[in-house]
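One structure below.
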Amino acid sequence: AGSEITTLAYITNFETSDGWMMNPFYESLFQGALAQAWRNGYKLEHFWLKEPGMTGERLSRILYNRGIVGLCIAPTPAVNSRMRLDWDRFSCATIGYSLLRPVLHRTSPHHFHAILTATRKLWRLGYTRIGLCLYESTSARVDNLWLAGALLIQKLHPQTPLEVFLFNDHTLKDIATWVADRKIEVVLSDNQTSLHALQRQGMQVPGDVNYATLNWIRSESEIAGINQCPDSIGAAVIDLLIAQIQRGERGIPDMPITSMVEGIWINGPSLRKRPQSS
């Protein structure tokens, strides 16, 4: 006999219902989760927690009355956020580290391995002066794991400096000066903000300085870096949810599990130096 398709909830709490879709990483997370849910006989439906008149209590009631028992909490716009739902009624998992409370099962990119991989790739290309350049809030959003990797590299490889600049909206304009002062050959960041800041200050990228990303996306494939495989992260959170549903586990877990997905390095023309042919 065929089993009835069960709906899982994908919960966002951005200021607008589709604001998160503007971010290619978040959109890929959702598409990966959607496909994995479908492959396993489930439907994934989006619910917006900031819908006018919506509260955590009301949303919990709606979900429960519809027979939805599995909740995937998407990354939240605020770092260290809290969410109030009637957790005891549901199997739950989240993506990334932005949800601080409650502590749920989660899937995430393996940020720590990613920066170690990226640095090794850049060394192999012949770069000896690398600069990690991140928004302070972004560093906090990934639980400072990129920064932790950078500090380990500084400790173990003092002869090949890895400089770090955590900027905010006020210090964004200082990135070009930092690059020049520290004689940085390649900037490693997670988005285009620092790239555009360098270009605004008259720097050629690539050329005066080269560029790589910790968050590679297909639409900007000219920028080399780490593909965090967000579709696989979205699929992995569905696997966590389905396993709980099948075991009859509901509520905030006593022993939260974090499942990390390894990223993949992708070359691109934002790096002028090329791998040496063997």
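Quick notes on this one:
- Using only side-chain charges placed at the Cβ, +1 for Lys and Arg and -1 for Asp and Glu, the dipole size of the chain relative to its Cα centre rounds to 440 debye.
- Angle in degrees between helix 145-156 and the longest Cα principal axis of the chain, rounded to the nearest 10: 40
- The lysines whose alpha-carbon is closer than 25 Å to the alpha-carbon of residue 155, local same-chain residues fewer than 8 away aside, are 121, 183.
- Filtered trypsin sites (Lys or Arg not before Pro), region 171-278: DSSP coil and at most 12 other beta carbons within 10 Å: 183
- Entry for Rg and Dmax of the Cα atoms in Å (calculated from the structure that is shown) out of (i) 17.0, 50; (ii) 20.6, 69; (iii) 17.8, 53: (ii)
- Taking the longest Cα principal axis of the chain as reference, the axis of helix 230-247 is set at about 30 degrees.
- When region 162-242 is described by a simple charge dipole with +1 on each Lys and Arg Cβ and -1 on each Asp and Glu Cβ, the residue from 235, 204, 193 located farthest towards its positive end is 204.
- Take every pair of alpha-carbon atoms less than 8 Å apart whose residues are at least six positions apart; their mean separation over the length of the chain yields a relative contact order of 24 percent.
- Put simply, when 110-121, 38-49 are sorted by average Cβ atoms within 10 angstrom per residue, most first, you get 110-121, 38-49.
- For region 190-269, the square roots of the Cα gyration tensor eigenvalues, ordered a ≥ b ≥ c, give a/c of at least 1.5 with a/b greater than b/c, which places it in the prolate category.
- Within straight-line cross-link reach of residue 273, aspartates and glutamates at Cα separation under 18 Å, skipping those fewer than 8 residues along the same chain: 185, 208, 222
- Region 156-204: C-alpha gyration tensor shape, a/c 1.5 cut-off, then a/b vs b/c: prolate
Any read-out appearing in this document is the output of simple, stated calculations on the displayed coordinates, not a laboratory observation. Note that the coordinates shown come from a computational prediction; the quantities given were computed from them, not determined experimentally. Note that we place each Cβ from the backbone using ideal geometry, even for glycine, and neighbour counts take in every protein chain shown.
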